[in-house]
Amino acid sequence: MAVFENQQRVVTMGQSLSQDEKIYFKALGARIAQRREELDLTQQQVADALHLTQQTYAAYEIGRHRLPVSLLPPLAEVLSMDVEVLLGMAPKNSKRGPAPKYQQQIEQISKLPKPQQRMLTDVIDGLLLKYG
């Protein structure tokens, strides 16, 4: 997991935010939490990688605090995703046409229960060690 130099910043969601902004930051936090859980990471692990306290990181996940823009690139890297996807935008496709078969398979695997995901990951890791 990458480690980033970052000052801890907390921006409290105050009265100056519109209702739409509050909804957006809660949805952003939900996307972050979902991805962290998909990767089987704890809040503490992500917070450590970003040089934050677990409490501050948790506040970002529930939308209590606005996530500083400066944290978006390192957070996206820790969560192994594009910043655009993190922000809720459609990923940029440089190629036209359907997604490659392996991408479709990864999407299917991500929808399986965690134990089945782990089993398939172990099988893939074993094959990569043998043939890669």
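The values are calculated or read from the model by the stated rules, or taken from the named source; none is laboratory data. Bear in mind the structure is a predicted one, so any value in this text is a computation, not a measurement. Please note: Cβ atoms are built from the backbone with ideal geometry, for glycine as well, and neighbour counts cover all protein chains shown.
Among residues belonging to the range 117-132 that are of a type outside the set (A, V, I, L, M) and in a helix (DSSP H, G or I), point out the one that is surrounded by the most Cβ atoms within 10 Å (Cβ to Cβ).
Here the residue is 117.
Among the numbered conditions (1) at pLDDT 95 or above; (2) not assigned by TED's automatic domain parsing to the domain that holds residue 78, tell me where residue 43 comes up short.
Only one criterion in (1) at pLDDT 95 or above; (2) not assigned by TED's automatic domain parsing to the domain that holds residue 78 is unmet by residue 43, namely (2).
If you go through the range 6-19 one residue at a time, do you hit one that is at pLDDT below 90, surrounded by fewer than 15 Cβ atoms within 10 Å (Cβ to Cβ) and assigned to a helix (DSSP H, G or I)?
Looking for residues that are at pLDDT below 90, surrounded by fewer than 15 Cβ atoms within 10 Å (Cβ to Cβ) and assigned to a helix (DSSP H, G or I), one finds at least one in the range 6-19, hence yes.
Give the residue, chosen from 61, 37, that is in the same structural domain as residue 16 (by TED's automatic domain parsing) and either more than 30 Å from residue 18 (Cα to Cα) or free of Cβ contacts under 8 Å to residues at least 12 places away in the same chain (or both).
None of the others qualify; the one that does is 37.
Restricting the range 78-99 to residues that are modelled with pLDDT under 80, at negative phi and not charged (D, E, K, R), which is surrounded by the fewest Cβ atoms within 10 Å (Cβ to Cβ)?
94
What are the pairs with Cβ atoms under 7 angstrom where one residue, in the range 102-115, is outside the structural domain of residue 35 (by TED's automatic domain parsing) and the other, located anywhere, is assigned to a helix (DSSP H, G or I) and surrounded by 10 or more Cβ atoms within 10 Å (Cβ to Cβ)? Sequence gap at least six, or different chains.
109/117; 109/120; 110/38
Looking at 44, 54, which one is surrounded by fewer than 14 Cβ atoms within 10 Å (Cβ to Cβ) and over 17 Å from residue 87 (Cβ atoms)?
Just a single option satisfies the conditions, and that option is 44.
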